[in-house]
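Asker: Dropping the structure in here first, questions after.
Laboratory data are not the source of any read-out in this text; all were calculated from the coordinates shown. Since the model is a prediction, treat every value here as computed from it, not as a measurement. As a convention, Cβ positions derive from the backbone with ideal geometry for all residues, glycine included, and neighbour counts pool all protein chains shown.
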Amino acid sequence: MEKGYALFLVKPTLNRNLAEEFEVFLRERGYTILETVSKRLTPKQVTDNFFGILKLNIDYLTSGEIYALWCAVESEDVSEDVYEAKMLFREKHGINEMQLDNLVHSSDDGLEMMLQKQVFFRIIPTANTHADVICMWM
């Protein structure tokens, strides 16, 4: 078993109960939720911190509050577990990944995750900050 971290973003939606439902869903899958926050992003924050972003995505991601969850998880394959959790939650709500309003985003491992995490949560540098970044997953 490996321990890793995940940043999930519940995308802007009129149904705020989805954020609470997603939290319960993650806890049932064994995730420990370390921090949560709701925040509305600016277009600059989206273009600076999300890779491969299109104008359509910018408009959508800035259309309302995003609910961010910083989580820890232990799994045989953390990257696969994070991806599976995101896809199962989408499937439960009849959403596929090609739809713009696909409910949940999980940051890719490494730089993208750290850029997105710092938009939502304050990062306090430590002596092990570089090692912490290398050890993070999705």
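Asker: Are there chymotrypsin sites (Phe, Trp or Tyr not before Pro) in region 39-126 that DSSP marks as loop and that have at most 15 other Cβ atoms within 10 Å, and which are they?
Answerer: Here the chymotrypsin sites (Phe, Trp or Tyr not before Pro) that fit, given the DSSP loop and packing criteria, are 51.
Asker: Please work out whether region 1-68 counts as rounded, prolate or oblate from its C-alpha gyration tensor, where a ≥ b ≥ c are the square roots of the eigenvalues and a/c under 1.5 means rounded, while otherwise a/b larger than b/c means prolate and anything else oblate?
Answerer: It is oblate, given that a/c is not under 1.5 and a/b is not larger than b/c.
Asker: Shifting gears a bit: Whole angstrom only: what separates the Cα centroid of region 105-125 from the Cα centroid of region 1-66?
Answerer: If we compute the Cα centre of each part, the gap is 11 Å.
Asker: Using 0.36 nm per residue of separation minus the Cα-Cα distance, give me the extension gain between residue 84 and residue 24 in nm, one decimal.
Answerer: In short, 20.0 nm is gained.
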